[in-house]
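The values are calculated or read from the model by the stated rules, or taken from the named source; none is laboratory data. Bear in mind the structure is a predicted one, so any value in this text is a computation, not a measurement. Accessible surface is based on the protein model in full, side chains and every heavy atom, while ligands, DNA and RNA are left aside. Shrake-Rupley method; radii C 1.70, N 1.55, O 1.52, S 1.80 Å.
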Amino acid sequence: MDQIRTVLRSIGLEMSNLVRVNLYITNLADLEAINTAYREFFPDGRFPARTCVVVAGLIGGCRIEIEATARIPQGFALPSL
C-alpha cells in the first residue's frame, strides 16, 4: 500500500481517490494482519470497494499482491510522466 500511495501522490492523487482494491493472498491466516495494516491507510474509515482472493501461489513467491483502481476527478490534469 505504501507503493500505491507513492504512485498516487506522484500524480497529485491520494488514497481517498481509490475506488477499488483487489488483494490476492496465499494464506488466509494472514488476513487479520492485512486488515490491520490496511486500516492504517484509511484512518477516516472510508474504504474503497475490496475483493480478497486466496490463491495457490504468486509470482516470485510473494505472499500478497495488490491491484488498485483510482478515480481521477473531473477536470484533473494528469502531469506528464
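Observations on the structure shown:
- Correct choice for Rg and Dmax of the Cα atoms in Å that was computed from the model, options (i) 14.0, 43; (ii) 11.3, 30; (iii) 18.6, 60: (i)
- Per residue, in Å², the accessible surface of the stretch 19-65 once ligands and nucleic acids are set aside, probe 1.4 Å: 68 Å²
- If both residues of a DSSP beta bridge must be in the chain, then about 55% of such bridges are antiparallel.
- Surface share of carbon and sulfur [accessible, 1.4 angstrom probe, percent] for the chain: 53 percent
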